[in-house]
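*Asks:* Got a structure here, written out as structure tokens. Questions coming.
The values are calculated or read from the model by the stated rules, or taken from the named source; none is laboratory data. Please read all numbers here as calculations on a predicted model, not as lab measurements. Here the Cβ is made from the backbone with ideal geometry for all residues, glycine too, and neighbour counts use every protein chain on show. For the accessible areas, the whole protein counts, side chains as well, though only heavy atoms, and no ligand, DNA or RNA atoms are used. Shrake-Rupley method; radii C 1.70, N 1.55, O 1.52, S 1.80 Å.
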Amino acid sequence: MTTTRTQRAPRPATRPNQAPTHRLALLQSMLRVRRFEERCVELYSAARIRGFMHLYIGEEAVAVGVNEALTDDDAIVSTYREHGHALARGVPAEAIMAEMFGKVTGCSRGRGGSMHLFDTGRRFYGGNAIVGGGLPLAAGLALADRMTGRNRVTCCFFGDGAFAEGEFHETANLAALWRLPLLLVCENNLYAMGTALSRHQAQTDLALRAAGYGMASWAVDGMDVFAVEDAARRATEGVRAGTGPHFLEMRTFRFRAHSMYDSDRYRDKAEIEHWRERDPVEGLVRRLREAKELTEKARTALEDRVAAELDAAVEAAEQAPEEPAEDLLQYVSSPVEASRS
């Protein structure tokens, strides 16, 4: 299966967040992610979306801020909690929602579902259901760019739980050894499924651990989209300059349970409420209002615009066809292998 690259305005390598229009654009992107996830909760509860689903609510600043530092030629490798990454990258909500519904118009033809969003046209190389599974894939993409002399960045998102996997340490070592153009973004939401970071890692300063591999590493307030964007721009500039891989530890928090099947009994309610006070979306709203850059009318207009987009996405997904049963064996084998059978 091939996916044509969607034509759209080129994404510049950097966008200063001092401009009011840019800050409003950040807010709209974060609202799109938040409302998309909330709509998915409604649809899942009504059994219109099935299977596993991992929500990104609370971590919106990371996806949106990092994407602002990437160009259309850069690549992204994501995790199973990737709806926000895909939306921030520009994958249409309609294509993602159709994928959630298992329809053929989905970005993965309905075969991937929530955990396997994919869009080669936008160089979005998928969610991955394996913890840390995207790391070696990202290293391979970065190695290909280095060997062919293309000045591109591969950005790999993963969670703090990946530090318990060999893939992270193998990838970090080889990336630093070969000076690969790789941006490693750890979304440290303090819990690997139901296990607190302090219960599975002796050293909880993940940026410090990554620095041990000889790469530039630092921690970032993952609830502040401006801090995320600035850190991502600084890191991508370093990667493009040929200084090797960079590591960003985004200190963030997921407001919802690990997945829709998770009862979330391992976290204290007071801890969740503490982090909710630092809500990245509402925090940005407050800052824009204090700067007199966002009125209640403008906020309502943004919400209405996002709601209309999601309404259209749900309607299109509901009306889209399912893949015909006779086509289900397509793409299971390569055309060469299929011709030999």
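*Asks:* Quickly rank 300-309, 232-241 as a protection proxy: mean count of other C-beta atoms within 10 Å, highest first. Don't skip to the end; give the middle numbers.
*Replies:* Details: 300-309: 13.5, 232-241: 19.6.
So the peptides 300-309, 232-241, ranked by packing, come out 232-241, 300-309.
*Asks:* What accessible area per residue, rounded to a whole number of Å², is obtained for the chain using a probe radius of 1.4 Å? Each step should come with its number before you reach the end.
*Replies:* Numbers: 15280 Å² over 341 residues.
Here the residues of the chain average 45 Å² of exposed surface.
*Asks:* Shifting gears a bit: Taking every pair of distinct Cα atoms and averaging 1/r, then inverting, what Kirkwood hydrodynamic radius in Å comes out for the chain? It would help to have the intermediate numbers written out before the result.
*Replies:* Details: mean 1/r = 0.0486 Å⁻¹.
It works out to 20.6 Å.
*Asks:* Taking the Cα centre of the chain as the origin and placing charges on Cβ (Lys, Arg +1; Asp, Glu -1), which of 272, 78, 24 is farthest toward the positive end of the dipole?
*Replies:* Ranked along the dipole, the leading option is 24.
*Asks:* Which value in Å does the Kirkwood hydrodynamic radius of segment 193-327 take, with 1/r averaged over all unlike C-alpha pairs and then inverted? Please report the intermediate quantities before stating the final value.
*Replies:* Numbers: mean 1/r = 0.0522 Å⁻¹.
Mean inverse Cα-Cα distance, inverted, gives 19.2 Å.
*Asks:* Something else now. Taking H as built 1.01 Å from N, whose amide H comes closer than 5 Å to the amide H of residue 216, not counting residues under 5 places away?
*Replies:* 247
*Asks:* Over all alpha-carbon pairs in segment 130-265, figure out the percentage whose distance exceeds 17 Å. Present the calculation step by step, with values, prior to reporting the outcome.
*Replies:* Values: 5292 of 9180 pairs.
Of the Cα pairs, 58 percent sit more than 17 Å apart.
*Asks:* Determine the dipole magnitude for the chain: charges of +1 sit on the beta-carbon of Lys and Arg, -1 on that of Asp and Glu, nothing else is charged, the reference point is the Cα centre, and the result goes in debye to the nearest 20. Spell out each step's value before the answer.
*Replies:* Values: 43 positive and 48 negative charges, 138 e Å.
It works out to roughly 660 debye.
*Asks:* Sticking with this structure for a sec: Report the extension gain between residue 193 and residue 46 in nm, rounded to one decimal, defined as 0.36 nm multiplied by the number of residues separating them, less their alpha carbon distance.
*Replies:* Details: separation 147, 0.36 × 147 = 52.92 nm, distance 2.43 nm.
50.5 nm is the gain from fully extending residue 193 to residue 46.
*Asks:* Quick query: amide H of residue 79 versus all other amide H atoms, modeled in the peptide plane; which residues come in under 5 Å with a sequence gap of 5 or more or a different chain?
*Replies:* Correct list: 128.
*Asks:* Separate question: Amide H of residue 189: which non-local residues (sequence gap of 5 or more, or other chain) have their own amide H closer than 5 Å, using H built in the peptide plane?
*Replies:* The answer is 160, 252.
*Asks:* Measure off 7 Å from each Cα along the Cα-to-Cβ vector at residue 179 and residue 293, then give the distance between these two points in nanometres to one decimal.
*Replies:* 3.7 nm
*Asks:* Please list the equivalent ellipsoid semi-axes of segment 83-181, computed as the square roots of five times the alpha-carbon gyration tensor eigenvalues, in descending order and whole angstrom.
*Replies:* Details: eigenvalues 143, 54, 18 Å².
In descending order, the three semi-axes are 27, 16, 10 Å.
*Asks:* Also, quick follow-up: Which whole-Hz couplings ³J(HN,Hα) result when phi for each residue of segment 40-54 is put into the Karplus expression 6.51 cos²θ - 1.76 cosθ + 1.60, θ = phi - 60°, listed in order with x for Gly and Pro?
*Replies:* 5, 4, 4, 5, 5, 5, 8, 6, 8, 10, 10, x, 6, 8, 10
*Asks:* Sticking with this structure for a sec: Using θ = phi - 60° and the Karplus relation 6.51 cos²θ - 1.76 cosθ + 1.60, list the HN-Hα couplings for segment 65-71 in order, rounded to whole Hz, with x at every Gly or Pro.
*Replies:* x, 5, 4, 5, 9, 9, 9
*Asks:* Within the chain, what whole-number % of the accessible surface is contributed by carbon and sulfur, with the 1.4 Å probe and all protein chains included in the calculation? List each step's numbers first, then the result.
*Replies:* Details: 7960 of 15280 Å².
Answer for the chain: carbon and sulfur cover 52 percent of the accessible area.
*Asks:* Let me ask you something else. Among 132, 114, 87, whose Cα projects farthest towards the positive end of the dipole of segment 72-141, with charges put on the beta-carbon of Lys, Arg (+1) and Asp, Glu (-1)?
*Replies:* 114
*Asks:* When only the heavy atoms of the protein chains count and the probe is 1.4 Å, how do 263, 217, 114 rank by accessible area, highest first?
*Replies:* Values: 263 80, 217 30, 114 10 Å².
Of 263, 217, 114, the descending order of accessible area is 263, 217, 114.
*Asks:* Rounded to two decimals, what is Rg over Rh for segment 298-338 when you use alpha-carbon atoms and the Kirkwood radius? All intermediate terms of the calculation are to be shown ahead of the outcome.
*Replies:* Values: Rg = 18.7 Å, Rh = 13.5 Å.
On the Cα set of segment 298-338, Rg over Rh gives 1.38.
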